[in-house]
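The values are calculated or read from the model by the stated rules, or taken from the named source; none is laboratory data. Since the structure is predicted, the reported quantities are computational estimates derived from the model, not experimental observations. Cβ placement follows ideal geometry from the backbone for every residue including glycine, while neighbour counts extend to all protein chains displayed. What goes into the accessible areas is simple: the full protein's heavy atoms, side chains included, and nothing from ligands, DNA or RNA. Shrake-Rupley method; radii C 1.70, N 1.55, O 1.52, S 1.80 Å.
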Amino acid sequence: MKAVRWQVAPSAILLFALLYFFDRTGVVSALLPAALVHELGHVAALSLCGAPIRQVQLNLSGVELAYAGMLRRDKALWCLSAGPAAGLLFSLAACRLGTPFWRLSGAVSFCLSIFNLLPVLPLDGGRILCELTGERFTAGVSQAAAAAMLLAGGALLVLRRTPFPLAMGLWLYACQLPAAPQRGI
């Protein structure tokens with residue numbers, strides 16, 4: 001069995017450090033268990049499908065898992081959905097624990113799971129759509145959904161002075177610039 005290769009982009013470390021430093025609400029700390037459970041959902045599904053993980057990459061897009069072999073469509077759909085599903089289950093469990101930190105982590109996990117199901121590449125929802133409909137259709141839907149998120153983020157910035165949705169819209173829109181869907185979860 002080959003060892004898993006780990007890659008961490010310096011820009012990802014810098015972004016996390018800045019977010020953590022300026023976070024007065026504890027959301028960044030609450031994001032860590034939520035993101036870990038999400039990724040462990042993918043890892044568990046890949047393991048059950050016999051697709052060993054070859055590389056874990058942490059970059060500005062988040063965590064990307066590269067695995068060995070090819071998955072049939074049903075197994076690929078299962079592996080892609082496992083992260084958001086694990087996140088939603090974690091959300092329910094964390095909210096029931098009752099402490100403020102776990103309730104916040106559960107809420108963050110819920111938002112992360114729903115966000116990841118948007119039909120936008122490189123998110124899980126975009127990759128699920130690509131498995132179901134193909135790259136050409138997914139590219140059009142992904143671009144339209146990213147543009148809609150960008151516009152909604154701009155409106156929320158103006159109306160509610162909330163910059164985070166605009167930042168997410170900008171990131172999703174930037175991901176639509178010349179890039180093909182990647183193989184991985």
Task: Lone unmet requirement of (1) free of Cβ contacts under 8 Å to residues at least 24 places away in the same chain; (2) in contact with a helix residue (DSSP H, G or I) (Cβ under 9 Å, 6 or more places away or on another chain) for PRO84 - done: (1)
Task: GLY134 over 16 Å from the mean Cα position of the chain (by Cα) and open to solvent by less than 50 Å² (accessible area, probe 1.4 Å) - done: yes
TODO: Return a yes/no flag: does segment 117-137 have any residue that is of a type in the set (Val, Ile, Thr), at pLDDT 95 or above and over 18 Å from SER81 (Cβ atoms).
DONE: no
TODO: Go through segment 34-47 residue by residue and tally those that are open to solvent by 90 Å² or more (accessible area, probe 1.4 Å) and in contact with a Gly (Cβ under 9 Å, 6 or more places away or on another chain).
DONE: 1
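So that you can scan it fast, the table gives a plain yes or no per residue for (1) open to solvent by less than 30 Å² (accessible area, probe 1.4 Å); (2) closer than 28 Å to ARG24 by Cα; (3) of a type in the set (Ser, Thr, Tyr):
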{"residue": "GLY83", "(1), (2), (3)": "yes, yes, no"}
{"residue": "ALA86", "(1), (2), (3)": "yes, yes, no"}
{"residue": "SER91", "(1), (2), (3)": "yes, yes, yes"}
{"residue": "ALA107", "(1), (2), (3)": "no, yes, no"}
{"residue": "LEU123", "(1), (2), (3)": "yes, yes, no"}
{"residue": "GLN143", "(1), (2), (3)": "no, no, no"}
{"residue": "ALA152", "(1), (2), (3)": "no, yes, no"}
{"residue": "ALA167", "(1), (2), (3)": "no, yes, no"}
TODO: Kindly indicate whether any position in segment 63-75 is in a helix (DSSP H, G or I), at pLDDT 95 or above, of a type outside the set (S, T, N, Q) and touching an Asp or Glu at 6+ places or on another chain (Cβ under 8 Å).
DONE: yes
Task: Filter result for ALA144 (touching a helix residue (DSSP H, G or I) at 6+ places or on another chain (Cβ under 9 Å) and among the hydrophobic types (A, V, I, L, M, F, W, C)) - done: no
- [ ] With the checklist (1) over 27 Å from ALA174 (Cβ atoms); (2) open to solvent by 50 Å² or more (accessible area, probe 1.4 Å) in hand, flag the one item ALA68 doesn't pass.
- [x] (2)
Open item on the list: Being open to solvent by less than 50 Å² (accessible area, probe 1.4 Å) and part of a helix (DSSP H, G or I): is that true of LEU31 here?
Closed with: no
Open item on the list: Scan segment 11-18 and tell me whether some residue there is closer than 24 Å to ILE114 by Cα, of a type in the set (A, V, I, L, M, F, W, C) and crowded, with 18+ Cβ neighbours inside 10 Å.
Closed with: no
- [ ] Using the structure shown, decide if ARG127 is of a type outside the set (Gly, Ala, Ser) and out of contact with any helix residue (DSSP H, G or I) (no Cβ under 8 Å at 6 or more places or on another chain).
- [x] no
